[in-house]
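The values are calculated or read from the model by the stated rules, or taken from the named source; none is laboratory data. Remember, predicted model here, so these are calculated numbers, not experimental data. Note: ideal-geometry Cβ built from the backbone for every residue, glycine included; neighbour counts use all protein chains shown.
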Amino acid sequence: MSKITRHRLPTISCPHCGARSMVRTSEELDNLVREIRFTCSDEECNHSFLAQLSIIRTIRPSGKPNPKVHLPVANPQLCGPKPRHANDDTPEPANDVGVTPPPAEITMSG
Ligand SMILES: [Zn+2]
């Protein structure tokens, strides 16, 4: 079952004339996808179109996770323990900061 509601939703330009479009209605298709009906604000154009707003990735995990929701994680380092890779044994330094230069060559005279 879906419900039609009027909320403040992101706007999008009309693909034909580039004018600002106005949200007419929006319908929740499921907990990840919402369909939004837009109408162009340019009366001469008057284009009416549907757009979809979909949730595609997790940025920060929910404190109240729904077991039915399975979203890819945008940045795994921000979400839970860092995944271990096979080549984690010898991490390369990100840059040369902190790397001790090799000892100067000692020249013996005499
Ligand atoms: Zn238009």
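Summary of values
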quantity: Residue count, region 6-33 (criterion: under 20 Å from the mean Cα position of the chain (by Cα) and within 16 Å of the ligand (Cβ to nearest atom)); calculated: 2
quantity: Restricting region 17-34 to residues that are under 21 Å from N66 (Cβ atoms) and among the charged types (D, E, K, R), the residue that is surrounded by the fewest Cβ atoms within 10 Å (Cβ to Cβ); calculated: D30
quantity: Of residues in region 34-49 being under 14 Å from P10 (Cβ atoms) and of a type outside the set (D, E), the one farthest from the ligand (Cβ to nearest atom); calculated: R34
quantity: Test: residue in region 55-70 that is modelled with pLDDT of 65 or more, in a strand (DSSP E or B), hydrophobic (A, V, I, L, M, F, W, C) and surrounded by 10 or more Cβ atoms within 10 Å (Cβ to Cβ); calculated: no
